[in-house]
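Student: Here's a structure for you.
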Amino acid sequence: MRVAAIAVTIPKLTHYTIPSSTIINPLKLNENSEFSWTPLKHDSVLTHSNSGKLAKHWMEYQGINNWEGLLDPLDDILRSEILKYGRFVEAAYQSFDFDPSSPTYATSKFHKNSILTRSCIGETGYKPIKHLRATCGIQLPGWVDRGPSWVSTRSSWIGYVAVCQDKEEIARLGRRDVVIAFRGTATCLEWLENLRATLTCLPDDVVNVVGPENGGAMVESGFLSLYTSGSDTCPSLQHMVREEIGRVLQTYGDEPLSFTITGHSLGAALATLAAYDINSTFSDPPMVTVISFGGPRVGNQNFRCQLEKSGTKILRIVNSDDLITKVPGFVIDNDDTEMTNNQALNVVGLPRWVRKRVEDAPLVYADVGQELRLSSKECPYLCKEGVVSCHELSTYLHLVNGFVSSNCPFRATAMRVLYKHHRQKLGSY
């Protein structure tokens, strides 16, 4: 068993292809081709037969078999789809107004219909249909509301819902896909919510379909607060997600349909909660899949069991050098099923008094879903960068773009190995 301790880090915007003394906004990578990762494009990666393969086996690529045989080595079609969903998250970052002095701070800079086009992520075939906002539920002193906007802003734009409308893309995918994309932490109050690391029970309205009892399922307090809190002027993120999913089901429910929820950092945690909520709220929903990048832990082992029972499929893209994926709380590696309240935790290697505190504290988490583990240290372009760059979305997309397999972690390394093998073969003649 392994226990990871609590750690908190606030990422700084840096980029891997320039000297460490220089800072560049990773959300503007596409504006400078010299520093951008090169995404795999459908027309350069997918042959006609492969395109037909995605349409025919789309449920496998959405995780119906937990991505068995597709992760190591990484299947090229799956790689392309992961990068596509990463670009949707990139659009959420680029659309957000980060400037505290701006009158539109913490809102989307772009109109709903132009989010994808103005974010410069390329043609997607998807149409955004809904802005999403998250509200902080922390009770703060009244004077905070009279402070500057970067402190007092409780509700902020967190992402969007988009539906695939292009006929060619629908044919390529084999179904109509609905994307929900969430950005990561951006406001002061969101950071405060992130620090509320203790576990709390899921409310009854989130588990009303999966079963009458949630079996002790608990999630991180701050993430749940951001998902379920609302105000007089802004409904909760949970309400907006449920309302929009209901509309989508009424409109497209009679055709092959999938929900793909994606996010980075805090957005990855919200994506997990939203996916579970959809499967728990709607009777016999379409397939719900989460593609998350650099996400923190979300809930305990019983929450993981409830996720699996609900049919939620989760693919976590993890950089082993990213500290955010190792927090909050502790995690115990085992294959046990649900844990009862009276079941002691066998935490190996800790003093008895520490073990007792771990058993009593609501800080024991469990990783969920399937994991695609990458490493900045294995990438020749990232290995010399600092810890903070390991968490950036651009780093994750670069690693996915270059990953081959656990035996040959990066394509540049693979090319050198093949070249060396070729030279040796020529020398043997």
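Student: Using each residue's phi in segment 316-328, evaluate 6.51 cos²θ - 1.76 cosθ + 1.60 at θ = phi - 60° and report the 3J(HN,Hα) Karplus result to the nearest Hz, with x for Gly and Pro.
Tutor: Running phi through 6.51 cos²θ - 1.76 cosθ + 1.60 with θ = phi - 60° gives 9, 8, 10, 8, 4, 9, 9, 5, 4, 6, 9, 10, x Hz.
Student: Hey, can you grab everything whose amide H is under 5 Å from the amide H of residue 261? Only 5+ residues off in sequence or another chain; H modelled, so Pro and N-termini drop out.
Tutor: Correct list: 180, 289, 290, 291.
Student: So how do 62-71, 320-329 stack up, highest first, on mean other-Cβ count within 10 Å?
Tutor: The most tightly packed comes first, giving 320-329, 62-71.
Student: Check which residues have an amide H placed less than 5 Å from residue 236's amide H, if you skip close sequence neighbours.
Tutor: For residue 236, whose amide H was placed from the backbone, the distant partners under 5 Å are 231.
Student: Residue 330's amide H: which non-local residues (gap 5+, or another chain) put their own amide H closer than 5 Å, with H modeled 1.01 Å from N in plane and none for Pro or chain starts?
Tutor: Close amide H contacts, sequence-distant or interchain: 364, 365.
Student: In whole Hz and in residue order, list the ³J(HN,Hα) couplings for segment 121-138 that follow from phi through the Karplus curve 6.51 cos²θ - 1.76 cosθ + 1.60, θ = phi - 60°; x for Gly and Pro.
Tutor: Each residue of segment 121-138 in turn: 9, x, 6, 10, x, 9, 10, x, 10, 7, 7, 10, 10, 10, 10, 6, x, 5 Hz.
Student: Please list 3J(HN,Hα) in residue order for segment 380-396, calculated via the Karplus relation 6.51 cos²θ - 1.76 cosθ + 1.60 where θ = phi - 60°; whole Hz, with x for glycine and proline.
Tutor: x, 8, 10, 4, 9, 7, x, 5, 5, 5, 5, 8, 5, 4, 4, 5, 4
Student: Going through segment 211-314, which GluC sites (Glu not before Pro) have at most 14 other Cβ atoms within 10 Å and a DSSP loop state?
Tutor: Those that pass, being in a loop and sparsely packed, are 213.
Student: Rounded, prolate or oblate: which fits segment 226-284 when a ≥ b ≥ c are the square roots of the eigenvalues of the alpha-carbon gyration tensor, with rounded for a/c under 1.5 and prolate only if a/b beats b/c?
Tutor: Note, shape of segment 226-284 comes out oblate.
Student: Okay, next question. Would you kindly calculate the translational diffusion coefficient of segment 184-315, applying Stokes-Einstein with the Kirkwood radius from alpha carbon pairs, for 25 °C and a viscosity of 0.890 mPa s, and quote it in µm² s⁻¹ without decimals?
Tutor: Estimated via Stokes-Einstein, D reaches 163 µm²/s.
Student: Provide Rg over Rh for segment 283-335; use the alpha carbon set for both Rg and the Kirkwood Rh (inverse mean inverse pair distance).
Tutor: 1.00
Student: Let me ask something additional. How large is the accessible surface of residue 200 in square angstrom, using a 1.4 angstrom probe and rounding to the nearest 10?
Tutor: Roll a 1.4 Å probe over it and residue 200 shows about 50 Å².
Student: What span do the alpha-carbon atoms of segment 48-187 cover on each of the three principal axes, reported in whole Å from largest to smallest?
Tutor: Its Cα atoms span 61, 29, 20 Å along the three principal axes.
Student: Pick out, in residue order, every one of the GluC sites (Glu not before Pro) in segment 111-181 that is DSSP loop and has at most 16 other C-beta atoms within 10 Å; say none if there are none.
Tutor: Qualifying residues, ordered by number: 123.
The values are calculated or read from the model by the stated rules, or taken from the named source; none is laboratory data. Note that the coordinates shown come from a computational prediction; the quantities given were computed from them, not determined experimentally. All Cβ positions, glycine included, derive from the backbone under ideal geometry; neighbour counts span all protein chains shown. The area values use the complete protein model at the heavy-atom level, side chains included, leaving out ligands, DNA and RNA. Shrake-Rupley method; radii C 1.70, N 1.55, O 1.52, S 1.80 Å.
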